[in-house]
Amino acid sequence: MSLDNVKVLLFDTFGTLADWRGSVTRRGERLAAEKSIDGVDWDAFARAWRAGYAPGMAKVKSGERSWTPIDVIHRERLDEIAIDFGIADALNEADRQTMNLWWHQLDPWPDTVPGLTRLKTKFLISPLSNGTLVLLSAMAKRAGMPWDFILSSETFKSYKREPAVYLGAIELLGLEPAEIMMTAAHNDDLEAARSHGMRTAYINRPYEYGADQTKDFQADEKWDIIGETTEDIATALGV
């Protein structure tokens, strides 16, 4: 099917556009130097922090917990792993608040901003992310992501891969589902989007989780576009 009618591209952010593991690792190493914290594997710390992401959202999705922003979930997980990594006593409240904001300051992959900038010349572009509105806005401002608007989990008070997120985006945009393309490095995100009629683009990030990566080493389905970078998506769409 032709992609000529696509008008809007929506993007997953964590992992697809931003290098969360490398960003948290680098900031952890800088913090360790500033506070003389020794013996922490900061890559493992980043992966352990991220490991609390899905379980935290799962409690919201199941109804076990009322709507809870991802910043709160991140902070609760930080307090847990600070104990696990033996640095709880070294971190005061100000340190923890600063660390939680690392997720607002993630570094983009090298291809992210060039690809988005190209796509913006022809399409409306926005994240469709589980991040908060402030998180996504702060990340975009720092990294230079040229969004036309921002759709966050807070917009719909729901987390991907719940239908409310994709259906809410379709309704809010006032477009036909096939006029919207979801772009992600996660096959299950694209599967959910496609189930609601959206077009799909896959960006391969097989190094996102490092040693913990167990899936998304390649496209599992025949998505509308499959590429290695954001710029590949732009090229496939003729930009």
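The values are calculated or read from the model by the stated rules, or taken from the named source; none is laboratory data. What you see is a predicted model; the values in this text were computed from it and never measured. So basically every Cβ, Gly included, is an ideal-geometry build from the backbone, and we count neighbours across all protein chains shown. With ligands, DNA and RNA removed, areas are computed over all heavy atoms of the protein, side chains included. Shrake-Rupley method; radii C 1.70, N 1.55, O 1.52, S 1.80 Å.
Things worth noting here:
- Considering each residue of region 42-52 in turn, none proves to be surrounded by fewer than 18 Cβ atoms within 10 Å (Cβ to Cβ) and among the charged types (D, E, K, R).
- Of the criteria (1) touching a Gly at 6+ places or on another chain (Cβ under 6 Å); (2) of a type in the set (S, T, N, Q); (3) modelled with pLDDT under 95, which one S153 fails: (1)
- Verdict on K61 being under 19 Å from the mean Cα position of the chain (by Cα), surrounded by fewer than 17 Cβ atoms within 10 Å (Cβ to Cβ) and at negative phi: yes
- Scanning region 89-108 for residues that are out of contact with any helix residue (DSSP H, G or I) (no Cβ under 7 Å at 6 or more places or on another chain) and either crowded, with 22+ Cβ neighbours inside 10 Å or not in a loop (DSSP other than H, G, I, E, B) (or both) yields D89, E93, A94, D95, Q97, T98, L101.
- Each residue in region 109-119 was checked for being in a helix (DSSP H, G or I) and of a type outside the set (S, T, N, Q), and 6 pass.
- T121, sole failed condition from (1) open to solvent by 60 Å² or more (accessible area, probe 1.4 Å); (2) among the hydroxyl-bearing types (S, T, Y); (3) closer than 23 Å to A46 by Cα: (3)
Conditions tested, residue by residue: (1) open to solvent by 60 Å² or more (accessible area, probe 1.4 Å); (2) over 14 Å from G15 (Cα atoms); (3) not aliphatic (A, V, I, L, M).
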residue: L128; (1), (2), (3): no, no, no
residue: A138; (1), (2), (3): no, yes, no
residue: K141; (1), (2), (3): yes, yes, yes
residue: S152; (1), (2), (3): no, yes, yes
residue: E171; (1), (2), (3): yes, yes, yes
residue: I203; (1), (2), (3): no, no, no
residue: Y209; (1), (2), (3): yes, no, yes
residue: I225; (1), (2), (3): no, yes, no
residue: I233; (1), (2), (3): no, yes, no
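- Qualifying helices (runs of 4 or more DSSP H) (wholly inside region 120-208; at least 2 residues being out of contact with any helix residue (DSSP H, G or I) (no Cβ under 9 Å at 6 or more places or on another chain) and more than 27 Å from K59 (Cβ to Cβ)): 133-143
- Comparison of R77, R47 shows that the only residue that is more than 24 Å from H196 (Cβ to Cβ), in a helix (DSSP H, G or I), of a type in the set (K, R) and touching a residue at least 40 places away in the same chain (Cβ under 8 Å) is R47.
- Tally, over region 152-177, of residues that are in contact (Cβ under 8 Å) with a residue 24 or more places away in the chain and either in contact with a Leu (Cβ under 9 Å, 6 or more places away or on another chain) or under 18 Å from I70 (Cβ atoms) (or both): 13
- Output for region 64-87, where each listed residue is within 16 Å of M99 (Cα to Cα) and among the β-branched types (V, I, T): I70, V72, I73, I81, I83, I87
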